[in-house]
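The values are calculated or read from the model by the stated rules, or taken from the named source; none is laboratory data. What you see is a predicted model, and the numbers here were worked out from it, not measured in a lab. Cβ atoms come from the backbone with ideal geometry, glycine included; neighbour counts cover every protein chain shown.
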Amino acid sequence: MLNEPKINRAIKLVAKISIDKASQVFSKLIKTGARIEMEDAFLADITSITERVNRENTNVVGAFVDLTGEVNFKFLFHVPIQDSMLLADLMLRREVGTTKEFDVYAASAVQEIGNILASAISGVFSSDFSIDLHPTPPEVVNDYVGTVFQEFLVSAAPERNDILIMESCFHVIKNDIRCHMYLLPLGESEKVLSYIINTM
Amino acid sequence: MSKKIIVVDDAPIIRSMLKDILVQAGYEVTAECNNGKEAVELFRELRPDLLTMDIVMPEKDGIEAIHDILAIDGKAKIIMVTAVDQRVALMKAIRAGAVDYIIKPFESDRVLSAVRSALGE
Amino acid sequence: MNSYQDINKITVGVADIKIGQSPQVIETTLGSCVAVCLYAAARQVGGMVHIMMPYADENSSKAQGKKAKYANTAVPELVRQLTSHFGIDSHHFVAKIFGGGRILKDFTLNIGELNETAAREQLKNFGIKIVASKTGGNKGCRVTLFLETGMVVCQRFGGPSEEM
């Protein structure tokens, strides 16, 4: 079992490299300045974190991706429903505000951003840590943020009481879009982190 | 007569982006679909000049679809459209017979140069 | 803004138990998890547990760490907390059950249905009557228990609010 400072150091390293890469592809995709910041990387108790999320009164669209390979991760990207429409407009090079209702393109914008971000992260693992990961096609769900987040936990770590979370927040310049991205290492997380620490 | 293209991707927004670029450049997008299985059926039926093909898709992925399409017509032209850093999958696609690839997120210039080159224009 | 939000609202996380008394309000959001609400009208007290899994596995130390996580330890723990804190026998309580949906299509195991079955079985063991339930479906729901009346408002995502 690794000690907590070491775990945090490894998580932050992975998160930073992944987020830098994700930031570049995200900006290119939506053709506007975007900045992704790591909000936190931590070992979270499932009860405390979901209590916090359940207090939010937001409806979101989430893209769930499994990163499978030598080690396994669960990835979630979610964005408030209203903002998914702005993202669709940006991707389709339309005037922002054109999409008035949540539709197939708004859902698909989130699906594709999830796919591209998850691929960018798996690319970082491959190039920087020689860990091959393959993303599955994203599953898109629109629901309460509490529901989306808890389904992520239930599918990722039903046997664990605390989980490693890399949480980041996206800021899209000129449009106040706040998206979140989470990456959870599954069962072999300690093994992965040991490996990463040894390559640092 | 404009060249016929089928766009294959499980994300409707990517299909729409590609379709806009191709139609504006004078190509005819005769069909679009969201998985490899349907792509094979559409290819058999419509015999397009070119397909753009995603790799990661449900039901049948892009690489399996290339094998099936090339078994129908060994001269079929397929361009892979895939998310950044899927190098391993991309190499598999090229080995399977794809003529070129486009990395998502893409610029319209890159899409058109790949299409023109594949069509020998 | 609803008036209850100005008073004492208690939020329940996953694998969590919260108890309280009138005029408090207890709320959670559900997907495949199940919420069991217990209420004793005579004293206007009650509680809610948010269950994540049907049964504790072989390693009981995990269940000891988070009794609220597994239906077979969560329901007894909710009953224990309510009876010991308020000094009321379990037969004074009635139950309402919510959640147990199937939100992710790719998740092969129907964990929601298993959670619901396990929770109902536990309530039966305690002889606690289930007076209302809204379970299943493929969308999440927000569940709010008003301890003044015992009423539960269940709002399925994209659907109308139902008072139960």
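Quick notes on this structure:
- Residue match in the stretch C:88-110 (condition: of a type in the set (D, E) and either within 14 Å of chain A (Cβ to nearest Cβ) or within 22 Å of A:V148 (Cα to Cα) (or both)): yes
- All conditions but one from (1) touching a Gly at 6+ places or on another chain (Cβ under 7 Å); (2) surrounded by fewer than 19 Cβ atoms within 10 Å (Cβ to Cβ); (3) more than 11 Å from every other protein chain (Cβ to nearest Cβ) apply to B:E59; the one that does not is (3).
- Scanning the stretch B:1-25 for residues that are away from every other protein chain (no Cβ under 14 Å) and either under 13 Å from the mean Cα position of the chain (by Cα) or within 16 Å of A:R94 (Cβ to Cβ) (or both) yields B:K4, B:I5, B:I6, B:L22.
- Complete set of residues in the stretch A:113-158 that are in contact with a Ser or Thr (Cβ under 6 Å, 6 or more places away or on another chain), facing chain B (nearest Cβ under 8 Å) and of a type outside the set (A, V, I, L, M): A:D132, A:H134, A:P135
- Among the residues of the stretch C:21-42, just one is closer than 25 Å to C:A118 by Cα, out of contact with any Gly (no Cβ under 7 Å at 6 or more places or on another chain) and more than 10 Å from chain A (Cβ to nearest Cβ), namely C:V36.
- Elements of type strands (runs of 3 or more DSSP E) contained in the stretch B:24-121, each with 1 or more residues being of a type in the set (A, V, I, L, M) and within 14 Å of B:K3 (Cα to Cα): B:28-33, B:50-54, B:78-83
- Within this structure, B:A114 fails the test of being among the small types (G, A, S) and within 14 Å of chain A (Cβ to nearest Cβ).
- If you filter the stretch B:1-16 down to residues that are in contact (Cβ under 8 Å) with a residue 60 or more places away in the chain and crowded, with 22+ Cβ neighbours inside 10 Å, you find that the one that is nearest to B:A118 (Cα to Cα) is B:I5.
To keep it simple, each residue is scored yes or no on (1) surrounded by 20 or more Cβ atoms within 10 Å (Cβ to Cβ); (2) more than 15 Å from the chain's Cα centre (by Cα).
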residue	(1), (2)
C:S84	no, yes
C:D89	no, yes
C:V94	no, no
C:I103	yes, yes
C:N110	no, yes
C:N115	yes, no
C:V131	no, no
C:N138	no, yes
C:C154	yes, no
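- Count of the stretch A:32-56 residues, restricted to those that are within 11 Å of another protein chain (Cβ to nearest Cβ) and at pLDDT below 70, is 0.
- Residues considered: C:F157, C:F107. Of these, the only one that is at pLDDT 95 or above and more than 28 Å from C:Q44 (Cβ to Cβ) is C:F157.
Let's see how each residue does on (1) surrounded by 20 or more Cβ atoms within 10 Å (Cβ to Cβ); (2) modelled with pLDDT of 80 or more; (3) in contact with a Cys (Cβ under 8 Å, 6 or more places away or on another chain):
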| site | (1), (2), (3) |
| --- | --- |
| A:L133 | yes, yes, no |
| A:P138 | yes, yes, no |
| A:N142 | yes, yes, no |
| A:G146 | yes, yes, no |
| A:S155 | yes, yes, no |
| A:I163 | yes, no, no |
| A:S168 | yes, no, no |
| A:I173 | no, no, no |
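- Subset tally (residues that are within 20 Å of A:T58 (Cα to Cα), more than 13 Å from chain B (Cβ to nearest Cβ) and more than 21 Å from the chain's Cα centre (by Cα)) for the stretch A:79-101: 3
- In the set C:A68, C:A35, C:A56, only one residue is crowded, with 24+ Cβ neighbours inside 10 Å, of a type in the set (A, V, I, L, M) and at pLDDT below 95; that residue is C:A68.
- Within the stretch A:159-186, restricting attention to residues that are acidic (D, E) and in a strand (DSSP E or B), the residue that is farthest from the other protein chains (Cβ to nearest Cβ) is A:D176.
- Just one of the listed residues (A:V104, A:V65) is within 11 Å of chain B (Cβ to nearest Cβ), under 18 Å from A:F149 (Cβ atoms) and either of a type in the set (V, I, T) or surrounded by fewer than 23 Cβ atoms within 10 Å (Cβ to Cβ) (or both), and it is A:V65.
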